[in-house]
Amino acid sequence: KLVDAIVEKLRARNGIACERDEVLVTGGATAGLANVVGSIAERGDEVLILAPFWPLIRGIVQSVGATPVEVPFFDRVDGVEAALDAVEARRSERSVALYVSTPSNPSGRVLPEAWLAALAEWARRHDLWLLADEVYEDLVYQGEHVSIARFAPERTITSFSFSKSYGMAGYRVGYLA
């Protein structure tokens, strides 16, 4: 029942076309992201992280021997072209993924749909995974939350949590799609 309800929510609210076997309930969003990073990155790889960022993502990336690469972003970028320039400036042949948190933790900034579409296409061109952190999807006070998986579902793994939306932090329940 839980997975069915999540699939229904993802389809209706996030615009993510997924099936039951594409949803994994996890011991919180942090554990989910750790599992994802552990499955796509290894020693010597790089994960691009839009900064400022949720501090635990750095340690998650380092825990598998990969290198977190900070991309100055939320306090610097003001349009689609600047967003693409920022990530391209930090990309290398060792880059395997781009971590995108929207609404952003800690800034609260919501990335516009056009930016997300452009970042998804950029990731597709460079064969990069998109790690979407959407645990704050219900805490939007300006703008509209859009899931980046709408634009590149074949390369996006999105992390969600019940802790922020439903006040269930102590229960440690999250999910990946």
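Give VAL64, VAL87 a once-over and let me know the one that is surrounded by 15 or more Cβ atoms within 10 Å (Cβ to Cβ), touching an Asp or Glu at 6+ places or on another chain (Cβ under 8 Å), modelled with pLDDT of 95 or more and of a type outside the set (Ser, Thr, Tyr). Write out each step before concluding.
Numbers: VAL87 fails: touching an Asp or Glu at 6+ places or on another chain (Cβ under 8 Å).
Exactly one residue qualifies, and that residue is VAL64.
Among the residues of segment 124-131, are any under 23 Å from THR30 (Cα atoms), open to solvent by less than 20 Å² (accessible area, probe 1.4 Å) and part of a strand (DSSP E or B)?
The initial filter retains those residues of segment 124-131 that are under 23 Å from THR30 (Cα atoms), namely 128-131.
Cutting the leftovers down to open to solvent by less than 20 Å² (accessible area, probe 1.4 Å) gives us 128, 130-131.
Checking which are part of a strand (DSSP E or B) leaves us with 130-131.
Checking segment 124-131: at least one residue is under 23 Å from THR30 (Cα atoms), open to solvent by less than 20 Å² (accessible area, probe 1.4 Å) and part of a strand (DSSP E or B).
Could you pull out the residue among ALA114, ALA89, ALA83 that is over 15 Å from the mean Cα position of the chain (by Cα) and free of Cβ contacts under 8 Å to residues at least 24 places away in the same chain? Reasoning before the result, please.
Numbers: ALA114 fails: free of Cβ contacts under 8 Å to residues at least 24 places away in the same chain; ALA83 fails: free of Cβ contacts under 8 Å to residues at least 24 places away in the same chain.
Answer to the check: ALA89.
Within segment 1-35, which residues are open to solvent by less than 10 Å² (accessible area, probe 1.4 Å) and either closer than 19 Å to LEU119 by Cβ or without any contact (Cβ under 8 Å) to a residue 12 or more places away in the chain (or both)?
ASN14, LEU33
Identify all residues within segment 132-174 that are of a type outside the set (Phe, Trp, Tyr), open to solvent by 60 Å² or more (accessible area, probe 1.4 Å) and free of Cβ contacts under 8 Å to residues at least 60 places away in the same chain; write none if there are none.
Restricting attention to segment 132-174, the residues satisfying the condition of being of a type outside the set (Phe, Trp, Tyr) are 132-135, 137-140, 142-150, 152-159, 161, 163-165, 167-170, 172-174.
Among the residues that remain, those that are also open to solvent by 60 Å² or more (accessible area, probe 1.4 Å) are: 138-139, 142-144, 150, 153-154, 164, 167, 170, 172.
Across segment 132-174, the qualifying residues are ASP138, LEU139, GLN142, GLY143, GLU144, GLU154, LYS164, GLY167, GLY170.
Do we find that TRP54 is open to solvent by 60 Å² or more (accessible area, probe 1.4 Å) and within 12 Å of the chain's Cα centre (by Cα) in this structure?
Numbers: open to solvent by 60 Å² or more (accessible area, probe 1.4 Å): no; within 12 Å of the chain's Cα centre (by Cα): yes.
Here the answer is no, as TRP54 does not meet what is asked.
The values are calculated or read from the model by the stated rules, or taken from the named source; none is laboratory data. Computed from a predicted structure; not experimentally measured. Backbone-built Cβ (ideal geometry, glycine too); neighbour counts: all protein chains shown. Surface areas here come from the heavy atoms of the whole protein model, side chains and all, with no ligands, DNA or RNA. Shrake-Rupley method; radii C 1.70, N 1.55, O 1.52, S 1.80 Å.
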